[in-house]
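The block underneath contains the structure these notes are about, expressed in structure tokens.
The values are calculated or read from the model by the stated rules, or taken from the named source; none is laboratory data. From a predicted model like this one, the values you see are computed outputs, not experimental measurements. Cβ: placed from backbone, ideal geometry, glycine included. Neighbour counts: every protein chain shown.
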Amino acid sequence: MTLSSVAFQNFTVFEDATFDLCPGINVLIGANATGKTHAMKAMYAMLRAIDKGLYDTFWTKFSEVFRPDRGDVRRLIRRGARNADEAKIYLNLGDRWEAWISIGDDGSGNAMNRRTPTPSLYIPSREVLSMYEGFIAAYQSRELSFDETFFDLCVALNANLLRGEKAEQAAPLLEQLETMLGGKVLLEGNRFYVQPFGSERYEAHLLAEGLRKIAALAHLVANGSLAPGGVLFLDEPETNLNPRLITRLVDFLAALARHGVQVILATHDYLLSQRLSVISEYAQVEAPIRFFGLACQAAGSPVVVTHGDTLADLAENPILEEFARHYDFERQLFDGGQGG
Amino acid sequence: MHKWDELAAYRDGVHKLQSTSAVDFIGVHDSDPYFIEVKNFCDYRIDNKQRLTSGELAAEVADDVRDTIAGLVWVMERGSSMPELAKLLRQIFAVRSKCKVVLWLEEDRQPNPVDRSTLAGLIKRRMDWLGPHVTVRSRTEPLPGLAVVGAPPGASR
């Protein structure tokens, strides 16, 4: 079951915004502070709460994912807005509503249609392989200033490898990532290693940070944490990746979507967004791709969400606009520097 | 390919409406309709004219295509004294696939693939109503099957 739509009312930067998601790859684009991460974390927190049947404590998950001061989820209500004493989020799975929550000064509430477990995973922009060792135990026994997405991800990494039919189904995806990595990922004891093809293994700590992200994805595929029917949230996956790996990452995401995993990602990267847009324009993949533009018209005003099947359908694209400004700047310098 | 803005069908048609513009070439290649606008920015600094920003250039190309399509519709409605043009128009309007818009841009500076991609993206955004495929090319990255000879006469700046 895929996320079909999520509506936000008076939630952080959103006054009244709806994301009509596609079952394939959903790409969120917007300047900093336009709510991309907030939207993804909220969707993730709701799916996780539904998955665990947290009928009465949706806001517990929100508190752990967003980490507001004193755990007070009322700090997620949009500030300075008219009648903003309550935030609401409505979530639809497939063709029906699944759950809603409200967070208000007068109290909070939630409702769930029925419990439809939809496995989800949130991968933050920062890699976690190098912090994995001892993190789960430390998080369970100590106050750490990491939000719960890091803990959930490490728990997912801890799962045993697939075998049998499910391992065979995951094999093509895994092979793609191992090719990018140049080797296999091993978890021994509490430490991750990479075994390059035909060479001695080495510790993940010695691996380039961008490759650690690829290694984490590989292990999540190998242990079934990324499986058909699930939802993957990726926050700025381009971080620490050079353009060649970004191109291959796009190919992997397309394969992952074809495999039945719904992908929702936020990006600031020109190559990542353009490549996804072009393969959508030329229908190069079987899975649908949809773009969401998040924009704020003026300081303090609510973020508005638009969507389209390619980047050209978005009225605002800050990535493209900044590249255009750079093009003009470079041309100016070139012209000004010629002929004396 | 036809030099659209030199055809009588254009001059006697939509060109009479002030402030309309047009692309330089129209045609059908491999069953796809092509709209080709040529911009020659070489030696531009010498003429000391104001350069178009990338956004203005994209807007100009988009407007050229829009006005060209309007002009072609006018010609279709009224028939054409040129059988070859009439045939081309029937082909263009019969096509069900996306049309292709080409900005042929010649500059002194070496073409930068990211700049070309950015320009194409800006043009596409201006033309979301039509949803064409867009590419920015020059002699260093020609279109397969398209022969380009010399600088087109009257190529606009």
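Numerical summary
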{"read-out": "Residue match in the stretch A:19-36 (condition: within 21 Å of residue A:272 (Cα to Cα) and of a type in the set (Ser, Thr, Tyr))", "value": "yes"}
{"read-out": "Flag for residue A:304 being over 30 Å from residue A:167 (Cβ atoms), β-branched (Val, Ile, Thr), more than 10 Å from chain B (Cβ to nearest Cβ) and crowded, with 18+ Cβ neighbours inside 10 Å", "value": "yes"}
{"read-out": "Residues being of a type in the set (Phe, Trp, Tyr) and either within 17 Å of residue A:249 (Cα to Cα) or surrounded by fewer than 19 Cβ atoms within 10 Å (Cβ to Cβ) (or both) - total across the stretch A:274-295", "value": "1"}
{"read-out": "Verdict on residue A:241 being outside any helix (DSSP H, G or I) and either in contact with a His (Cβ under 9 Å, 6 or more places away or on another chain) or buried (at least 21 other Cβ atoms within 10 Å of the Cβ) (or both)", "value": "yes"}
{"read-out": "Residue in the stretch A:232-252 that is among the β-branched types (Val, Ile, Thr), at pLDDT 95 or above and within 18 Å of residue A:120 (Cβ to Cβ) present", "value": "no"}
{"read-out": "Matching entry among A:159, A:171, A:218, A:208 (being surrounded by 15 or more Cβ atoms within 10 Å (Cβ to Cβ) and aliphatic (A, V, I, L, M))", "value": "A:218"}
{"read-out": "Cβ pairs under 6 Å, 6+ apart, first in the stretch A:251-275 and more than 26 Å from residue A:295 (Cα to Cα), second in a strand (DSSP E or B)", "value": "A:257/A:25; A:257/A:263; A:261/A:232"}
{"read-out": "Every residue from the stretch A:313-329 that is surrounded by 18 or more Cβ atoms within 10 Å (Cβ to Cβ) and closer than 24 Å to residue A:7 by Cα", "value": "A:313, A:314, A:316, A:317"}
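Matching residues to (1) crowded, with 16+ Cβ neighbours inside 10 Å; (2) hydrophobic (A, V, I, L, M, F, W, C); (3) not in a helix (DSSP H, G or I):
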| site | (1), (2), (3) |
| --- | --- |
| B:52 | yes, yes, yes |
| B:62 | yes, yes, no |
| B:65 | yes, yes, no |
| B:85 | yes, yes, no |
| B:91 | no, no, no |
| B:102 | yes, yes, yes |
| B:119 | yes, yes, no |
